[in-house]
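These notes are about the structure you will find just below.
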């Protein structure tokens, strides 16, 4: 990370920040992880890297949700999804993962109809890329939400 800062290699610096964020998150240091990911997102906002920005912002949403900061997580998911939906080359797995996070959040807020619609969309994408664990997770979430009213 120091070398990337010294050479002003912004793409490399963003990747280093994300790696530091990932390591912090793995250690359950959520505040630190969020800081690293937000710094990486700031860099991606200055570059023409919309998919990397969306991926990074989605991770900020995931971390905030894990930390119980649900109100702050929502705008991150909405921004990530807006970016992904505007990109014709958005990877289906990345899109599915962003939708999954937002579906979880909607469920936490009691927005069952919205959550179910999001889970169904995520399921289609997971099926497209043949991620069976994702399909099964979506099926379980849809069943849980529709069974309980």
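The conditions of being assigned to a loop (DSSP other than H, G, I, E, B), surrounded by fewer than 19 Cβ atoms within 10 Å (Cβ to Cβ) and not assigned by TED's automatic domain parsing to the domain that holds residue 141 are not met by residue 35. As a summary of the residue check, residue 4 satisfies the conditions (1) closer than 18 Å to residue 118 by Cα; (2) modelled with pLDDT under 95 except for the one numbered (1). Among the residues examined, residue 68 qualifies as within 23 Å of residue 38 (Cβ to Cβ), assigned by TED's automatic domain parsing to the domain that holds residue 14, modelled with pLDDT of 95 or more and not in a helix (DSSP H, G or I).
Per the listing 108, 19, the residue uniquely loosely packed, with under 15 Cβ neighbours inside 10 Å, under 25 Å from residue 133 (Cβ atoms) and in the same structural domain as residue 142 (by TED's automatic domain parsing) is 108. Condition check: closer than 26 Å to residue 140 by Cβ and buried (at least 24 other Cβ atoms within 10 Å of the Cβ). Does residue 100 satisfy that? Criteria met by residue 100.
In the range 117-143, what residues are farther than 24 Å from residue 57 by Cβ and surrounded by 14 or more Cβ atoms within 10 Å (Cβ to Cβ)?
127, 135, 139, 142
The values are calculated or read from the model by the stated rules, or taken from the named source; none is laboratory data. Keep in mind the model is a prediction, meaning the values are calculated, not measured. For neighbour counting, all protein chains shown are included, and Cβ atoms are generated from backbone atoms with ideal geometry for every residue, glycine included.
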